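See structure below.
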Amino acid sequence: MNGLEGWWYDAHYEGGSFDQTVVRMDQYPVKDATEILLYLENPVRLASIENHFRNEVDRLSANEGVIVIPRVTLRSATSEVVFEDVAVEAHGVRLDVFQPGWTTMLDVLLSLADRGEIDSMGLEWRVADGDIAIIDGYYVTSIVAGDFAPESVGSCVLTHQVGGNVISEYLAPHTHTMSHVHLTGDLEVLVSPESVEWLWVCL
C-alpha cells in the first residue's frame, strides 16, 4: 500500500477500543461498526506474527489436516487445568456465518467436552451486552472441568487467547471480555496454534 510493505492493523468491534492483536483479520467476520486502524508495524513484531502463522500451517499439515493443539489451559484467579494434544473437530455452531467444516475457538471447548474432559459448560447467546450494541455471539458463562470450577462473582465469562513461543512477548494483557478484538470464541477461526488459553474473567 502506497508502495510500502510491512503494514499491520489494530481493530475492534462496536463498543470496544483499539488493542494490539496477533489475530489475522481474515480469521473473523467484520460486523457493523467495526473500526480498523492500519499502520506500519515494527518489522520484528510483524515477522513474529508471520512466523507464528507459518508454524500453525506447518503443524496442520504435519497432522494431515487435523487440528491438534499441544497445550490447552483453563485458568481462573485461583486455579488452572492443562490438557495436552487436544484434537479439535468442527461442531458447526455458527453455520449462519461459516461454511461447514470451519473450526473455531469454541470448538476447542466442545472437543474437550466430547472426550469427557469438561463436565458441564454454559453458553449464552447475546445480541448485545451493556453499551455494546452488537454482539451476536455466544458467551461461555460457566464451566466445570474436574476440580476446575471457577465461582461467578458478578458478571463472569471465559475469554480466549491463542499462544506460541514466537508471539508470546507480543500478546496484550489477557484481561478482555472477548479476546483482543472483542471477539467471541464462536466467531474466531482456528488454524492450529501452539497453545490456547481460556481465562475466567469477572467484571
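The values are calculated or read from the model by the stated rules, or taken from the named source; none is laboratory data. This structure is a prediction, so every number in the text was calculated from the model and none was measured. Reconstructed Cβ throughout: ideal geometry from the backbone, glycine too, with neighbour counts over all protein chains shown.
Miscellaneous remarks
- Selection of segment 61-80 for residues being surrounded by fewer than 17 Cβ atoms within 10 Å (Cβ to Cβ) and of a type in the set (A, V, I, L, M, F, W, C) yields Ala62, Val66, Val68, Ala77.
- Test: residue in segment 37-59 that is more than 21 Å from Val166 (Cβ to Cβ), part of a strand (DSSP E or B) and within 19 Å of the chain's Cα centre (by Cα): no
- Condition broken by Glu50, with the remaining ones in (1) farther than 27 Å from Trp125 by Cα; (2) surrounded by 15 or more Cβ atoms within 10 Å (Cβ to Cβ) satisfied: (2)
- Where a residue in segment 37-59 is farther than 22 Å from Leu4 by Cα and touching a residue at least 40 places away in the same chain (Cβ under 8 Å) and its partner, wherever it lies, is buried (at least 16 other Cβ atoms within 10 Å of the Cβ) and among the hydroxyl-bearing types (Ser, Thr, Tyr), with Cβ under 6 Å and at least six apart: Glu56/Ser192; Arg59/Ser192
Residue-wise test of (1) farther than 14 Å from Leu187 by Cα; (2) not hydroxyl-bearing (Ser, Thr, Tyr).
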| residue | (1), (2) |
| --- | --- |
| Asp136 | no, yes |
| Ser142 | yes, no |
| Gly146 | yes, yes |
| Gln161 | no, yes |
| Gly164 | yes, yes |
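- Residues that are among the charged types (D, E, K, R) and surrounded by 14 or more Cβ atoms within 10 Å (Cβ to Cβ) were ranked within segment 27-47; the one that is farthest from Thr103 (Cα to Cα) is Glu41.
Every residue, every condition in (1) touching a Cys at 6+ places or on another chain (Cβ under 6 Å); (2) of a type in the set (Gly, Ala, Ser); (3) modelled with pLDDT under 85; (4) at negative phi, yes or no:
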position: Gly137; (1), (2), (3), (4): no, yes, no, yes
position: Val140; (1), (2), (3), (4): no, no, no, yes
position: Val153; (1), (2), (3), (4): yes, no, no, yes
position: Val166; (1), (2), (3), (4): no, no, no, yes
position: Pro173; (1), (2), (3), (4): no, no, yes, yes
position: His182; (1), (2), (3), (4): no, no, yes, no
position: Glu194; (1), (2), (3), (4): no, no, no, yes
position: Leu199; (1), (2), (3), (4): no, no, no, yes
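- The numbered conditions (1) under 29 Å from Val57 (Cβ atoms); (2) touching a Pro at 6+ places or on another chain (Cβ under 6 Å); (3) of a type outside the set (A, V, I, L, M, F, W, C) are all true for Ser76 except (1).
- Qualifying residue in segment 90-108 (condition: of a type in the set (S, T, N, Q) and touching a residue at least 60 places away in the same chain (Cβ under 8 Å)): yes
- All of Asp186, Asp114 fail the test of being buried (at least 21 other Cβ atoms within 10 Å of the Cβ) and among the acidic types (Asp, Glu), apart from Asp186.
Let's see how each residue does on (1) under 16 Å from the mean Cα position of the chain (by Cα); (2) of a type outside the set (Phe, Trp, Tyr); (3) outside any loop (DSSP other than H, G, I, E, B); (4) within 30 Å of Lys31 (Cβ to Cβ):
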{"site": "Ala77", "(1), (2), (3), (4)": "no, yes, no, no"}
{"site": "Val86", "(1), (2), (3), (4)": "yes, yes, yes, yes"}
{"site": "Arg94", "(1), (2), (3), (4)": "yes, yes, no, yes"}
{"site": "Leu123", "(1), (2), (3), (4)": "yes, yes, yes, yes"}
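- Qualifying residue in segment 17-26 (condition: among the acidic types (Asp, Glu), surrounded by 12 or more Cβ atoms within 10 Å (Cβ to Cβ) and more than 21 Å from Val97 (Cβ to Cβ)): yes
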